[in-house]
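In what follows, a structure is listed as structure tokens, so that the remarks can point back to it.
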Amino acid sequence: MNHDGYSDAFIQDILVRHRVFALVGASPNASRPSFFVIKYLLGNGYDVIPINPGHAGKTLLGQRVFGTLGDVGRPIDVVDIFRSSDAALPVTRDAIHIGAKVVWMQIGVRNDEAAGLAEDAGLKVVMNRCPKIEYGRLSGEIGWRGVNSRTLSSKRPLLGARGGQQRSLEGQPSQQREEPR
């Protein structure tokens, strides 16, 4: 697969069908991007498992922090990597070992060797993207904040369970167009 761009349908399928995220490199520091992503995903109904060996056994936003993916002991759909590109390969090996379905590498994280290994094992791979940003863009929520989502529609987006600016991807048709390259 070409990892320079992903179709909206590919990203939306992952975000709708896979609800359990393990966030490797989770930080309890409220000013770190990983903290924002955990908070956002939890607020949108995802089950998020923070992974950080330095904080194992503690809680982060009400979620127990684990030291490694292998310590979790329950199914994980998406392994979200908030580590360096070099660290992505061993984390990807762990993701394959635990039976994850998707390896997601955050903005600035790209490792083609890890992507190839994951795809050979049957996992989907996303690199250099953020699930928080993609969810907001595809649900229409990000447009409320004045950001260009590259999606123009007169159709009203679905509101989330809490209404207001809480948007949902559930029940929305997948976008069929490819993203510009």
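Counted by Cβ distance under 12 Å from Val48, the other residues give a net charge of +1, where Lys and Arg count +1 and Asp and Glu count -1. With neighbour counts taken as other beta-carbon atoms within 10 Å, the residues Glu134, Glu119 rank, fewest first, as Glu119, Glu134. Distances between placed amide hydrogens fall under 5 Å for Arg64 paired with no residue 5 or more residues away or on another chain. The aspartates and glutamates whose alpha-carbon is closer than 20 Å to the alpha-carbon of Lys101, local same-chain residues fewer than 8 away aside, are Asp8, Asp13, Asp47, Asp71, Asp77, Asp80, Asp112, Glu113, Glu119, Asp120, Glu134, Glu170. In units of the compact-protein estimate 2.2 N^0.38 Å, the stretch 8-131 shows a Cα radius of gyration of 0.95.
Each value in this text was obtained by applying a stated rule to the coordinates, not by laboratory testing. It should be emphasised that the depicted structure is a prediction, and the values quoted were computed from it without experimental measurement. All Cβ positions, glycine included, derive from the backbone under ideal geometry; neighbour counts span all protein chains shown.
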